[in-house]
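Single-structure report; data block below.
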Amino acid sequence: MSVETQKETLGFQTEVKQLLHLMIHSLYSNKEIFLRELISNASDAVDKLRFEALAKPELLEGGAELKIRVSFDKDAKTVTLEDNGIGMSRDDAVTHLGTIAKSGTADFMKHLSGDQKKDSHLIGQFGVGFYSAFIVADKVDVFSRRAGVAASEGVHWSSKGEGEFEISTVEKADRGTRIVLHLKSAEDEFADGWRLRNIIKKYSDHIALPIELPKEVAAVEGEEKPAVEWETVNRASALWTRPRTEVKDEEYQEFYKHVAHDFENPLSWSHNKVEGKLEYTSLLYVPTRAPFDLYQREAPKGLKLYVQRVFVMDQAESFLPLYLRFIKGVVDSNDLSLNVSREILQKDPIIDSMKSALTKRVLDMLEKLAKNEPEQYKGFWKNFGQVMKEGPAEDFANKEKIAGLLRFASTQGDDGEQVVGLADYLARAKEGQDKIYYLTGETYAQVKNSPHLEVFRKKGIEVLLLTDRIDEWLMSYLNDFDGKSFVDVARGDLDLGNLDSEEDKKAAEEVAKSKEGLVERLKTALGESVAEVRVSHRLTDSPAILAIGEQDLGLQMRQILEASGQKVPDSKPIFEFNPAHPLIEKLDNEQSDERFGDLSHILFDQAALAAGDSLKDPAAYVRRLNKLLVELSV
Ligand code: ADP
Ligand code: MG
């Protein structure tokens, strides 16, 4: 037994305590995954060692095959994992096994409900990792030594998974990490060769280095116990190097959990080997759920990069655009140099062509998913649709392809679910319709009842309803799809083109002519509040509406700019009125200029309210309305 010095007891970070509690109580039905998580870490540690040893071969300390060993002791009820990877220093152990470094963790923890079923899903989004050891163990000892430091600088970390852990400095001859799990008395079934072998086969077969178990050697009576022989129980070859046809779905799924540090199966994947001018293999996955930190700037993104099977870096961001940052996987290049750095990746022209090919692969995979598994695609869109909407602005070359993947709510649905694709929309468009109509707004409830939709409802024309914060901005990057241009129905002078018959148009012109006097009177009454007054042909039920000028910012963009403290260019709306509405007829016949003024301002303010805007002078609106109400009740 080695001497332990500098012993300290430290408390876990609050979030770790919460995570531990949650894990132990929520993952009970899936406890064997602890082994997958610890093997995954050991494999990462070996990858890191291999990489660091490229520049500093002395880190290998004379060699020895890189591997993971799993052993057990039935009597002591322990399971032990040992790797000869990069190891941890004392500081590493305190940080990595005492805190959670992910940004947004505290926020995430607030979402926990205490309902074990719901929380176990959340924990999936979070990733379980090292702490899963405490699902089966009531005490965990970690002995580790960082490659390249003296044997006297080993570390012993020990915890019962409650509030704290002990840490001390120990002698450790071999580089790497040994983890001893002291099994809870109800979990001693894991101290068993067959059980461990099966779990390793099931979850960790894809791990690219040997995982060894002690061979079962029958003891011969009267003879001394033979030395332990080890045997490799996994396939021990990099999964992405195998031909697609030979890899089972379950293997792809388990590999995903290892690279993505995810708990759930992926939604879809694409495995490709590229040969020719550039040679590389990629294995790309679409996760089923969004990670909790999808919108955190510092959240991990990018692929795991290998160069000729050697792990080179995690989170290589240069291979995919930002709007595909949720894609996980590996890329293994034959062309890059083993000492590539992030800086080099950003400049290397090879990377640019790989990036555009990988981007296309992902978009193709999503297209296929949308086409073949529409239900799954719905789930995908719920999780990642907001991020995909960043696409048209970022990736000009693939704009049309991305547009085809977008999903919107529309006047054809009744629940605001984003399920309508642009191709669906066009497929059921009216005869002669050569535009894609849309309306943006704050909430579905608001746009659904917008007066802007009245004429479309009357003519049975579908309108896309866009209520995500990003939508107006998104639409500023989309001009057309499949040759049909987008038209904001709240903007400019609505022209329904072929959808209006010649008679309709003639009739509209005549009405407009007959209302010229009213238009002038309204202009005078509304004065500075409006850019223009005109007769509307988009209203059937409402008396008036405010349209946005062709070049002006919409409400959403104005609000975004205002919220970010930017100056918003002044713009005035166009006041359109419905000549057939009784209120407008009344207005037209109003002799008193004072009454006319009050009523037109009320109509103007009401139109602003219906558009989801706030009133410039709400008190004046109330005063005018009350004045009319009093007159009415006399
Ligand atoms: P993740 O694997 O997602 O980073 P884990 O909770 O599984 O999270 O592990 C936390 C950290 O602890 C790892 O990132 C690594 O730095 C360290 N670690 C865990 N196991 C080992 C090991 N066997 N060798 C070296 N470092 C390890
Ligand atoms: Mg891990």
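Evaluate the distance, in nm, between pseudo-label points positioned 7 Å from the Cα of Asp92 and of Asn334 along their respective Cα→Cβ axes.
If labels sit at Asp92 and Asn334, their model points lie 3.3 nm apart.
Grab the beta carbon distance between Val630 and Ser113, set R0 = 41 Å, and tell me the FRET efficiency rounded to 0.05.
0.20
Starting from the Cα of Ala186, move 7 Å in the Cα-to-Cβ direction to define the label point; list residues of region 136-153 whose amide nitrogen is under 19 Å from there.
Of the residues in region 136-153, 136-140 have backbone N under 19 Å from the label point off Ala186.
Taking the chain as the reference, fit the longest principal axis to its C-alpha atoms, fit the long axis of helix 374-388 to the helix C-alpha atoms, and give the angle between the two in degrees, 0 to 90, nearest 10.
Rounded to the nearest ten degrees, it is 80.
List the lysines whose Cα lies under 20 Å from the Cα of Lys360, skipping any in the same chain that are fewer than 8 positions away.
Excluding near neighbours in sequence, the set is Lys273, Lys277, Lys301, Lys304, Lys328, Lys368, Lys371, Lys389, Lys399, Lys401.
Normalised by the residues of region 5-235, what does the relative contact order come to in percent, with Cα pairs under 8 Å and at least six apart?
Working: 438 pairs, mean separation 65.8, N = 231.
Relative contact order, region 5-235: 28 percent.
Between their Cα atoms, which of Lys117/Lys257; Lys201/Lys257; Lys202/Lys257; Lys17/Lys139; Lys74/Lys139; Lys430/Lys458 are more than 18 Å away from each other?
Lys117/Lys257
For a Förster distance of 25 Å, can you work out the FRET efficiency between the beta-carbons of Ser501 and Asn589, rounded to the nearest 0.05?
Efficiency, rounded to the nearest 0.05: 0.25.
Starting from the Cα of Asp75, step 7 Å toward the Cβ, then list every residue of region 1-29 with an amide N under 19 Å from that point.
The answer is 1, whose backbone nitrogens lie closer than 19 Å to the label point.
7 Å from Cα along Cα→Cβ at both Ala427 and Gln412: what's the point-to-point distance in nm?
That separation, rounded to one decimal, is 0.8 nm.
Largest first, how would Arg342, Arg457 line up by accessible area (1.4 Å probe)? Mind dumping the intermediate values first?
Values: Arg342 100, Arg457 135 Å².
In descending accessible area the options line up as Arg457, Arg342.
Mind checking the per residue accessible area of region 240-382 for me, 1.4 Å probe, whole number of Å²?
Numbers: 6780 Å² over 143 residues.
Each residue of region 240-382 exposes 47 Å² on average to a 1.4 Å probe.
What order do Asp293, Asp91 take when sorted by accessible area (1.4 Å probe), most exposed first?
Asp91, Asp293
Roughly what angle does helix 193-204 make with the longest principal axis of the chain, taking Cα atoms, 0 to 90 degrees, to the nearest 10?
Tilt relative to the chain: about 40 degrees.
Where in region 324-360 is the amide nitrogen less than 11 Å from a point lying 7 Å along the Cα-to-Cβ axis of Glu394?
Those under the cut-off are 324-327.
Would you work out what percent of the accessible area of the chain, with all protein chains in place, is carbon or sulfur (probe 1.4 Å)?
Result for the chain: 49 percent of the exposed heavy-atom area is carbon or sulfur.
Using modelled backbone amide H atoms (1.01 Å from N, in-plane), which distant-in-sequence or interchain residues come within less than 5 Å of Lys139's amide H?
His182
With axes computed from alpha carbons, what is the tilt in degrees of helix 618-633 against the longest principal axis of the chain, rounded to the nearest 10 within 0 to 90?
50
Given a Förster distance of 56 Å, report the FRET efficiency between Asp468 and Glu343 from their Cβ-Cβ distance, rounded to the nearest 0.05.
It comes out at approximately 0.95.
In whole percent, what relative contact order does the chain give with Cα contacts below 8 Å and a gap of six or more residues?
9 percent.
Can you give the extra length, in nm with one decimal, that the chain gains between Val622 and Lys31 once fully stretched, where that is 0.36 nm per residue apart less the Cα-Cα distance?
206.4 nm
State the extension gain, in nm to one decimal, for the chain segment bounded by Glu250 and Glu229, taking 0.36 nm per residue of separation less the distance between their alpha-carbons.
Result: 4.6 nm gained on full extension.
Within the set of other residues whose C-beta is less than 9 Å from the C-beta of Glu254, count the net charge using Lys and Arg as +1 and Asp and Glu as -1.
Here the count lands on 0.
Rank these by accessible area, largest first, 1.4 Å probe: Trp194, Trp230.
Solvent-accessible surface, decreasing: Trp194, Trp230.
Suppose the chain between Glu528 and Lys360 were pulled fully straight at 0.36 nm per residue; how much longer would it get relative to their current alpha carbon spacing?
Values: separation 168, 0.36 × 168 = 60.48 nm, distance 5.10 nm.
Here the answer is 55.4 nm.
Which whole-Hz couplings ³J(HN,Hα) result when phi for each residue of region 414-429 is put into the Karplus expression 6.51 cos²θ - 1.76 cosθ + 1.60, θ = phi - 60°, listed in order with x for Gly and Pro?
My calculation for region 414-429 gives 10, 10, x, 5, 8, 10, 8, x, 5, 5, 4, 4, 5, 4, 10, 5 Hz in order.
Between rounded, prolate and oblate, where does region 407-496 land on the alpha carbon gyration tensor, with a ≥ b ≥ c its root eigenvalues, rounded for a/c under 1.5, else prolate if a/b exceeds b/c?
Details: a/c = 1.24, a/b = 1.13, b/c = 1.10.
The shape class here is rounded.
Around Asn234, which amide H atoms from residues at least 5 apart in sequence, or from another chain, sit under 5 Å from its own amide H, with H modelled in the peptide plane?
Ile211
The values are calculated or read from the model by the stated rules, or taken from the named source; none is laboratory data. None of the values given here were measured: they were computed from a predicted structure. Reconstructed Cβ throughout: ideal geometry from the backbone, glycine too, with neighbour counts over all protein chains shown. The accessibility values were calculated without ligands, DNA or RNA, using every heavy atom of the protein model including side chains. Shrake-Rupley method; radii C 1.70, N 1.55, O 1.52, S 1.80 Å.
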